[in-house]
1. Given a 1.4 angstrom probe, I'd like the percentage of the accessible area of the chain that is carbon and sulfur, rounded to a whole number.
2. So what's Rg/Rh here for segment 38-134, counting alpha carbon atoms and using the Kirkwood radius for Rh?
3. Which longest run of the chain has no exposed loop site in it, a site being chymotrypsin sites (Phe, Trp or Tyr not before Pro) in a DSSP loop with at most 15 other beta carbons within 10 Å, and the site itself not part of the run?
4. Output needed for segment 121-179: three equivalent-ellipsoid semi-axes, defined as square roots of 5 times the C-alpha gyration tensor eigenvalues, in descending order, whole Å.
5. Using a Gaussian network model on the chain with a 10 Å cutoff between Cα atoms, which of 47, 170, 134 fluctuates the most?
6. Under 8 Å for C-alpha pairs, at least 6 residues apart: give me the relative contact order for segment 73-216, rounded to a whole percent.
7. Could you work out how far apart the two model spin labels at residue 213 and residue 36 are, taking each label as a point 7 Å from the Cα in the direction of the beta carbon, and quote it in nm?
8. Would you calculate a helix-derived [θ] at 222 nm for the chain, using -39,500 (n - 2.57) for each DSSP H run of n ≥ 4 and dividing by the full residue count, to the nearest 500?
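The values are calculated or read from the model by the stated rules, or taken from the named source; none is laboratory data. Just so it is clear, the model here is predicted, and its values are computed rather than measured. All Cβ positions, glycine included, derive from the backbone under ideal geometry; neighbour counts span all protein chains shown. What goes into the accessible areas is simple: the full protein's heavy atoms, side chains included, and nothing from ligands, DNA or RNA. Shrake-Rupley method; radii C 1.70, N 1.55, O 1.52, S 1.80 Å.
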Amino acid sequence: MCAMARPRKPLLSTDRIVETARALVDAEGLAAVSTRRLAAELGVSGPSLYNHFRTKDEILEAVADSVSAQVDLSMFEDGREWRTALHDWAVSYRTALRDHPNIVPVLAHGPGRRPAALHLADAVYGAMVRAGWPAAQATSIGALMRYFVMGSALGSFAGGFVDDAGAYDPADYPHLQQAHLLAEQQEKIDERAFETGLTALLDGLAQQYAQVAQGV
């Protein structure tokens, strides 16, 4: 009579570690990630993680890169005009960061050696150079877009106001009489603010681009 096969635990893999760590960061923040906590979540011994990552920082770097990998880059390869491509990329970039806001502080350090983040930077820079931007300005555009998108993902403007009318005494804040209503419209207000800023930013770049084209 054959003995029943013992149930096997899912094989530990780099992807599984990163997915679990990303879920922890999303739910509880960066401080929640430790090798001990991850091992418990994965149902493995702590030392087994070291076959894939040497430190917690390496795990967080991998989580950050997994978020960068969610950003769509196809707009830089399918013939879209540079301004449209930047707009569409910024929207995709912000969506990825908005879905994983707790990892933004790690992403803010820059791409470092993270492959997906480096592909992202390479795609933006390359598209701007191909569009006719001088190399130095193409670099500045990549930096500028990163500042804008990351800044928008760091926190909600509308969500920063409390829904208590009494907190905004007209005697002290004569222009904030409706501020207590902002929080309930957080998503709508933040989306509109992002699009307003992005349009203004791209309008300014378009003016500079016209000067570049004229050799000014």
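1. It is 55 percent, rounded to a whole number.
2. Across segment 38-134, the Cα-based Rg/Rh ratio is 1.10.
3. 51-156
4. Here the semi-axes work out to 43, 11, 7 Å.
5. Maximum fluctuation in the GNM of the chain, among the listed residues, is at 170.
6. 23
7. 6.2
8. Estimated from H runs of four or more residues: -18500 deg cm²/dmol.
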